1. Only Cα pairs under 8 Å and at least 6 apart count here; give the relative contact order of the chain as a rounded whole percent.
2. Output ³J(HN,Hα) for the range 120-135: one whole-Hz value per residue in order, computed from phi by the Karplus curve 6.51 cos²θ - 1.76 cosθ + 1.60 with θ = phi - 60°, and x for Gly and Pro.
3. What is the dipole size for the range 100-345, taken about its Cα centre, with +1 at each Lys and Arg Cβ and -1 at each Asp and Glu Cβ, in debye to the nearest 20?
4. So for the range 100-345: antiparallel DSSP bridges make up what percent, rounded to the nearest 5?
5. Within the set of other residues whose C-beta is less than 9 Å from the C-beta of Ile307, count the net charge using Lys and Arg as +1 and Asp and Glu as -1.
6. With 26 Å as the cut-off, how large is the P(r) tail for the range 274-404, expressed as percent of Cα-Cα pairs?
7. So what are the ³J(HN,Hα) numbers for the range 70-75, from phi and the Karplus equation (6.51, -1.76, 1.60; θ = phi - 60°), rounded to whole Hz, Gly and Pro as x?
8. For the range 313-326, what does the Karplus curve 6.51 cos²θ - 1.76 cosθ + 1.60, with θ = phi - 60°, yield as ³J(HN,Hα) per residue in whole Hz, taken in order and with x for Gly and Pro?
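A short reminder: the numbers here are calculations on the coordinates, not readings from a lab. Fair warning: this is a prediction, and the values are worked out from it, not measured in the lab. Note that each Cβ is placed from the backbone with ideal geometry, even for glycine, and that neighbours are counted across all protein chains shown.
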Amino acid sequence: MTPDEFRKHAHELVEWMAHYLENVENYPVKSQSKPGEILKKLPERPPLKAQPFEDLVKDLDEIIMPGITHWQSPNFFAYFPANSSPPSILAEMIISTIGAQCMNWETSPAAAELEEKMMVWLRDMIGLPGYFEGVIQDSASAGTLAAILTAREKVTGFRINETGAASAGNLRVYCSEQAHSSVEKGVKISGIGKSNLVKIPVRKDFSMDPVLLEKAIEKDIESGYLPCCVIATIGTTGTTAVDPLKAIGSVCAKNKIWLHVDAAMAGTALILPEFRWMIEGKEHVDSFLFNPHKWMFTNFDCTAFFIKDANLLIKTFEILPEYLKTRTRGKVNDYRDWGIPLGRRFRALKLWSVIRSFGMEGLQDRIRQHIRFAAELKDMILQEKDFEVLAPVVINVVCFRYAPEGTDEMTRNSLNEILNHRLNDSGKIYLSHTVLDGKYTLRMVTGQTNVTLEHVKKAWELIKGTARALRD
Ligand SMILES: *Cc1c(COP(=O)(O)O)cnc(C)c1O
């Protein structure tokens, strides 16, 4: 492709992009594609000869788009938001154009220094103490793994990095029953072993019971285990429950246990002063993460990871082969030593673009709106006798179910499962589910970048109508 051809296609593609964003509501939110349908339309073998880019764009519309689930639709209420926004998309264009590998300071000083500053901005925006240093990780899963590995090395005097996981046998990690599956994955990968992940029961509001945490730790110490790390969740994936950080933190402090906080989605709410109660007890926190790539209008991937003592992280991950030796070593941040991969994208640019384009107030207004929509949806649900709300509405997630009078639990579970599929198959909205206390629960997340109260009201009308039609 010549520079002139590139320019022409790029201009056309920007039109395609703007058109998509304007029309994203017109697609079925959840792809209606059947397994293997797209695969069948793709050629068996790669082309021998160069093909015009126009052909690719045509196939994009005809083959690919029908197989896309539209996360950027304001009628997307499933899982969690994976928001983009125009400033983030524009930044991604710049990032891929520059195409820099940002593994060391020297491989692009601006990328390293912008990342350092963006992490300071974010740290201050969410109210973490000034001694935290930050780094962008690719995902909350990778960030939590990095925290577990660092805690493991700290508690064993960096022994397992040297001699292998055999000596990790007696380490223990703690999280609540409602913690994200990435914790279990991290514990598996770290060599600590899934059977050494202790899942602490939750209280009525689905947050970790700190009394039971303390008991579990005491019992483990008596039995000869070495507690390594506690992972508290701020905003669980199921219901956005907030684990009590202060109480958990004092248990950790008393027993000298690493405290990692997973605030993947809900961390964004900390930019609002009225949500800072969620991190009361922050003085006990050793590491903390949240995902601007979820609810802060920044395209995947962008996890903000903060750590009290960055030296421990670096000591856990550092490598220094001859070909990576630089003259600036030790004077600057070489972020390859702050996580698992060597290669790194220039992700700080997305944050810079998003934060500058929205401004702090713009971000706060949008987040407050999303939280208000969830509260209003809860009120709408509470007005209907045949529906019930199944968990406290803390931030932007409403857990509820259809529970018509005179039906037993089994019927209710199957009614709600059918309801969920029927709504999603309609293509008009997309919801996902969880199970709470044995009840099949619908989850509606009001966090998509462009969702309005109108979208929420329309979705609620559709849910009510579809549910009641199930019994006609
Ligand atoms: C979404 C989520 C994760 C996983 O996030 P990734 O960035 O996709 O790894 C972890 N923890 C919580 C609480 C989440 O909501």
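1. Working: 830 pairs, mean separation 101.2, N = 472.
Over the chain, the number comes to 21 percent.
2. Once rounded to whole Hz, the list reads 5, 4, 5, 4, 6, 4, 9, x, 7, x, x, 7, 6, 10, x, 8.
3. Details: 29 positive and 29 negative charges, 57 e Å.
The calculation lands at about 280 debye.
4. Working: 11 of 27 bridges.
Among the beta bridges of the range 100-345, antiparallel pairing accounts for roughly 40 percent.
5. Details: positive: Lys308; negative: Glu133, Asp286, Asp309.
With Lys, Arg at +1 and Asp, Glu at -1, the neighbours total -2.
6. Details: 4073 of 8515 pairs.
The calculated P(r) of the range 274-404 puts 48 percent of pairs beyond 26 Å.
7. For the range 70-75, the Karplus-derived couplings read 8, 5, 8, 7, x, 9 Hz, x marking Gly and Pro.
8. With the stated coefficients, the range 313-326 comes to 5, 5, 4, 6, 10, 5, 9, 8, x, 3, 6, 10, 6, 10 Hz.
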